[in-house]
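The values are calculated or read from the model by the stated rules, or taken from the named source; none is laboratory data. Please read these numbers as outputs of a predicted model, since none were measured by experiment. Cβ atoms come from the backbone with ideal geometry, glycine included; neighbour counts cover every protein chain shown.
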Amino acid sequence: MKFITSLVMLAAAAIAAPIASSSPKHFHLKSTGATNAEHNNLYVYAYHTGAGLNDAVLTSDINTASSVYLNGTNALFDLKTEFPWGVVAVGDTNYASWEPILINAGQGSDGFSVKGNNFQWSEASGFGGWLVCDWYHNAPQLFYLNRYYSATIPSSCSKVQLQAEYIN
Ligand SMILES: *[C@@H]1O[C@H](CO)[C@@H](O)[C@H](O)[C@H]1NC(C)=O
């Protein structure tokens, strides 16, 4: 009986172990809900701008899309390095209606989550939705709207949702 019990426990441990050590689910960030169709079905990727620095740029090419995961409320890009690349929502210290999203070496900003399949930042920190603009990398780029200002959206920009599209 004792032998059977330990066998069962051994089996249970063997089943539990891979679950406990499994890595967090990775996803792509895909734009949806834009009134400008050109700004839909685009994937966010890390566009290198300097050592340890990236802008959040969007592309229709899924092979260029970055792989993202949550660690607590930090959103980390998996750029195949030994250290993490955190999503940074640049602080609104300049009375602007929107601010850039960066992907820099480190843990990035707190307050990211996926609700349903909707990727978002913290409203308490000022998040008022995502904005995609045709910008200075000659490509659509990701910004967040500050919820405390009412933005006049230029015709080159669209409000979007970012859908977490899980990678198998
Ligand atoms: C995840 O968060 C924990 C706690 O802040 C931290 O110690 C750990 O290094 C983070 N993991 C990654 C991959 O950055």
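Has the stretch 87-96 got at least one residue that is surrounded by 14 or more Cβ atoms within 10 Å (Cβ to Cβ), within 16 Å of the ligand (Cβ to nearest atom) and part of a strand (DSSP E or B)? Yes - at least one qualifying residue is present in the stretch 87-96. Condition first: under 15 Å from Ile167 (Cα atoms) and within 16 Å of the ligand (Cβ to nearest atom). Can you find one or more residues in the stretch 50-67 that meet it? The answer is yes; a qualifying residue exists.
In the stretch 78-96, the residues that are farther than 17 Å from His26 by Cβ form Cβ pairs under 6 Å with partners that are among the polar types (S, T, N, Q) and surrounded by 11 or more Cβ atoms within 10 Å (Cβ to Cβ), at six or more places apart or across chains, as follows: Val88/Asn104; Val88/Ser109; Ala89/Ser109; Asp92/Asn146. Quick check, is Leu102 under 20 Å from Ser31 (Cα atoms) and either more than 12 Å from the ligand (Cβ to nearest atom) or of a type in the set (Phe, Trp, Tyr) (or both)? Yes; evaluated as a whole, the condition is true for this residue. One residue stands out in the stretch 1-57 among those that are modelled with pLDDT under 95 and touching a Phe, Trp or Tyr at 6+ places or on another chain (Cβ under 8 Å): the one that is farthest from Val68 (Cα to Cα), namely Ser23. Annotation note: Cβ proximity below 6 Å between a residue of the stretch 48-74 that is touching a residue at least 60 places away in the same chain (Cβ under 8 Å) and a residue that is of a type in the set (Ser, Thr, Tyr) and within 16 Å of the ligand (Cβ to nearest atom) (sequence gap 6+ or interchain) occurs for no pair. I'd like to know if the stretch 122-137 contains one or more residues that are aliphatic (A, V, I, L, M), free of Cβ contacts under 8 Å to residues at least 40 places away in the same chain and surrounded by 18 or more Cβ atoms within 10 Å (Cβ to Cβ). Yes, because at least one residue in the stretch 122-137 is aliphatic (A, V, I, L, M), free of Cβ contacts under 8 Å to residues at least 40 places away in the same chain and surrounded by 18 or more Cβ atoms within 10 Å (Cβ to Cβ).
Going by the conditions given, is Asp110 at pLDDT 95 or above and loosely packed, with under 14 Cβ neighbours inside 10 Å? Answer is no for this residue. Sub-9 Å Cβ pairs linking a first residue in the stretch 23-36 that is on the phi > 0 side of the Ramachandran plot to a second residue that is small (Gly, Ala, Ser), at least 6 apart or interchain, are Gly33/Ser158, ordered by first then second residue.
This table checks each residue for (1) within 27 Å of Asn36 (Cβ to Cβ); (2) of a type in the set (A, V, I, L, M).
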site: Tyr69; (1), (2): no, no
site: Leu76; (1), (2): no, yes
site: Asp92; (1), (2): yes, no
site: Pro100; (1), (2): yes, no
site: Ala105; (1), (2): no, yes
site: Ser113; (1), (2): yes, no
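Looking across the stretch 105-131, the residues that are in contact with a Gly (Cβ under 6 Å, 6 or more places away or on another chain) and part of a strand (DSSP E or B) come down to Ala105, Gly106.
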